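Below you'll find the structure, written out as structure tokens, and then a few comments.
The values are calculated or read from the model by the stated rules, or taken from the named source; none is laboratory data. The structure displayed is predicted, hence computed values, not measured ones. Cβ sites come from the backbone with ideal geometry, for glycine too, and all protein chains shown count toward neighbours. Remember, those area values only see protein heavy atoms, side chains included, never the ligands or the DNA or RNA. Shrake-Rupley method; radii C 1.70, N 1.55, O 1.52, S 1.80 Å.
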Amino acid sequence: MTDEISHLLKSVANALPKVEIRQNEQMKKHTTFKIGGPVRAMLFPQKEEEILKLCQMCCETGLIPLIIANGSNILATDKKINRIVINTTKLNEIILTDKDNGVLKAGAGAMLATIAVFALESGLTGFEFAHGIPGSIGGAVVMNAGAYGGEMKDVTKITTAYVKKTGLCEFEGEEHDFSYRHSRFSQTDDVIISSVIRLQNGNKEEIRRKMDELSEKRRTSQPLDVPSAGSTFKRPVNGYAAELIDRAGLKGYTIGGAEVSSKHAGFIVNKGAATFDDIMNLINHVKETVHKEFGITLEPEIKIFS
């Protein structure tokens, strides 16, 4: 594996000289949990053609890259990760392609908050729900991210992705296979390049007012001042994860530097020095306790790389 990665990095340096390569880059610098050890190499493409070429080169070498942007839904091991990571944060262009029909296109690394502000300035409504979600549109489409009654399935029209067997593909409408915190991309190695979303024309002041209201709700109810990966668990069929965790008496419970937030029991937070094991041990303790108390098995919403 190491020889394959070394060969790939040399090829990338020759074929794509503008792609930044950072070897032994710490994942904790690129996750909102602020946890994660060094990866073999992290690559930063700036253009769509660069990430496409990177995907092709990885495929030819037999390597499966880990794709990240803001790292807002990731818990990574503290140990060395012998993998290639492609960081899409520089693929963040947002283009208004059809103002009359409320259509815009965003690169996979474009932050949801930035897209929401772009939509506001363009007088487009329908994306306010995403303003406070600390992720990129690529990751949001993968997991059908949502909040306050809105989900990516409500606005996503077309997604362009690299598929290992067929190359560059477009997926439209129902082809996304959206469901709760799931899309057709969730269990695949496909790499999202960009997405087209459709909104509606609206009143800027009303859009801004709604965004402000949702931001205030988040500030008062969520632990935004400490590192986390957002909601730790998916909503179970019967009930809400935060309510079950609270009823189990786990609000404020700690293991090492990890804590079930005393502000919102649905969040496990890093109190400053949490390790991967601290977070995992606390996740498992919460799952075991809730199952023992209520017979309900909680499923993590975050992606775990160990």
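Observations on the structure shown:
- Qualifying positions in the range 94-137 - assigned to a helix (DSSP H, G or I), in contact with a strand residue (DSSP E or B) (Cβ under 6 Å, 6 or more places away or on another chain) and open to solvent by less than 10 Å² (accessible area, probe 1.4 Å): ILE115, ILE137
- Residue within the range 289-297 that is touching a Phe, Trp or Tyr at 6+ places or on another chain (Cβ under 7 Å), outside any strand (DSSP E or B) and open to solvent by less than 60 Å² (accessible area, probe 1.4 Å) present: no
- Pairs meeting the criteria (first residue in the range 9-22 and in contact (Cβ under 8 Å) with a residue 12 or more places away in the chain and under 10 Å from LEU43 (Cα atoms), second residue open to solvent by 70 Å² or more (accessible area, probe 1.4 Å) and in a helix (DSSP H, G or I), beta carbons under 9 Å, at least 6 apart or on different chains) are VAL12/LYS53; VAL19/LYS53.
- Of the residues in the range 191-212, not one is of a type in the set (D, E, K, R), open to solvent by 50 Å² or more (accessible area, probe 1.4 Å) and at pLDDT below 95.
- Residue among LYS153, LYS157, LYS217 that alone is open to solvent by 30 Å² or more (accessible area, probe 1.4 Å), in contact with a Phe, Trp or Tyr (Cβ under 8 Å, 6 or more places away or on another chain) and modelled with pLDDT of 95 or more: LYS153
- The set of residues from the range 79-93 being crowded, with 18+ Cβ neighbours inside 10 Å and over 30 Å from LEU124 (Cα atoms) comprises ILE81, ILE84, VAL85, ILE86.
- Test: residue in the range 251-272 that is of a type in the set (Gly, Ala, Ser) and closer than 30 Å to THR125 by Cα: yes
- Qualifying residue in the range 156-164 (condition: of a type in the set (S, T, N, Q) and on the phi > 0 side of the Ramachandran plot): no
- Of the strands (runs of 3 or more DSSP E) entirely within the range 165-267, those holding at least 1 residues that are touching a residue at least 12 places away in the same chain (Cβ under 8 Å) and at positive phi occupy 167-172, 228-231.
- Residue within the range 93-107 that is touching a residue at least 40 places away in the same chain (Cβ under 8 Å), touching a helix residue (DSSP H, G or I) at 6+ places or on another chain (Cβ under 9 Å) and not hydrophobic (A, V, I, L, M, F, W, C) present: yes
- Qualifying position, being aromatic (Phe, Trp, Tyr) and over 30 Å from ILE84 (Cβ atoms), among PHE294, PHE233, PHE276: PHE294
- Residue within the range 225-240 that is more than 21 Å from the chain's Cα centre (by Cα), hydrophobic (A, V, I, L, M, F, W, C) and at pLDDT below 95 present: yes
- Selected residue [out of contact with any Cys (no Cβ under 9 Å at 6 or more places or on another chain), open to solvent by 10 Å² or more (accessible area, probe 1.4 Å) and under 16 Å from GLU301 (Cβ atoms)] from LYS271, LYS251, LYS234, LYS263: LYS234
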